[in-house]
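Asker: One structure, as structure tokens, below. Some questions next.
The values are calculated or read from the model by the stated rules, or taken from the named source; none is laboratory data. Fair warning: this is a prediction, and the values are worked out from it, not measured in the lab. Quick reminder, even Gly has a Cβ in these numbers, built from the backbone with ideal geometry, and neighbours come from all protein chains shown. Surface areas here come from the heavy atoms of the whole protein model, side chains and all, with no ligands, DNA or RNA. Shrake-Rupley method; radii C 1.70, N 1.55, O 1.52, S 1.80 Å.
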Amino acid sequence: MIHAENNYETYYKIFHTFYKYADIFPYMRKDYLQECLEKQKVIYENGLVIIYHKYLISKKFGNYKVNKGDVIIKDMVKENDKVNSVKIINKFFDYVNTNVWCTVRSDNIRACKFYKKIGMKKVSEISWSKGKLKGYVFLKIHNLTNIKNMVQCWKGDLNAWFFKRSYQNNW
């Protein structure tokens, strides 16, 4: 994977792609995109844009613990329907080589189906705008060891038991 080049042409293409989907990404600002490009937090490959962040410390994310080094996909969009998103996102998973988290609005049915299709599990609900905007938290586990470490943080949490069981059945 190669990070997007920090130049005007790339910036314009990416911003224009997000702008086409302003109903889904109304918060996308030019200064935010520019900062992400400068910090090399943008992947732009074959028409798919992924803006991500790598956690520098462990922290709570709803009822779950995000480990230091885990990645969250902040924004993801494709230029058109011809883009092979599945192939590129799987390449991204290999590139980051860790757990990958993302949040999505519950009314974004297309994105929810896509995340399930690529093997991400819906692990929690989330809300924004003082509870007015509902959404989901998805997680792609990198390996079984990461699950055991995460479950140790949730001792006594029944959701963790179900979560652990669902992943063990897949391996």
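Asker: Using a cut-off of 13 Å between alpha-carbon atoms, which aspartates and glutamates can reach LYS30, once sequence neighbours fewer than 8 places away in the same chain are excluded?
Answerer: GLU38
Asker: Given 0.36 nm per residue, what is the gain on full extension from ALA22 to LYS59 after removing their alpha carbon distance, in nm?
Answerer: Fully extending the segment from ALA22 to LYS59 adds 10.3 nm.
Asker: Could you order ASP31, ASP81 by accessible surface area, starting with the largest, using a probe radius of 1.4 Å?
Answerer: Solvent-accessible surface, decreasing: ASP81, ASP31.
Asker: Could you order SER129, SER106, SER85 by accessible surface area, starting with the largest, using a probe radius of 1.4 Å?
Answerer: SER129, SER106, SER85
Asker: May I pose another question? Restricting to Cα pairs below 8 Å that are 6+ residues apart, what does the relative contact order work out to for the stretch 1-154? Please round to a whole percent.
Answerer: Dividing the mean separation by the residue count of the stretch 1-154 yields 18 percent.
Asker: Give me the number: length gained by fully extending ARG110 to LYS132, i.e. 0.36 nm times residue separation minus the C-alpha to C-alpha distance, one decimal in nm.
Answerer: 5.9 nm
Asker: Using the alpha carbon gyration tensor of the stretch 38-87, what are the three equivalent-ellipsoid semi-axes (square root of 5 times each eigenvalue), largest first, in whole Å?
Answerer: 26, 13, 8
Asker: Working with all protein chains in place, sort LYS134, LYS117 by solvent-accessible area computed with a 1.4 Å probe, largest first.
Answerer: Largest accessible area first, the residues go LYS117, LYS134.
Asker: What FRET efficiency do you get for LYS122 and LYS68 if R0 is 25 Å and r is their Cβ-Cβ distance, rounded to the nearest 0.05?
Answerer: 0.60
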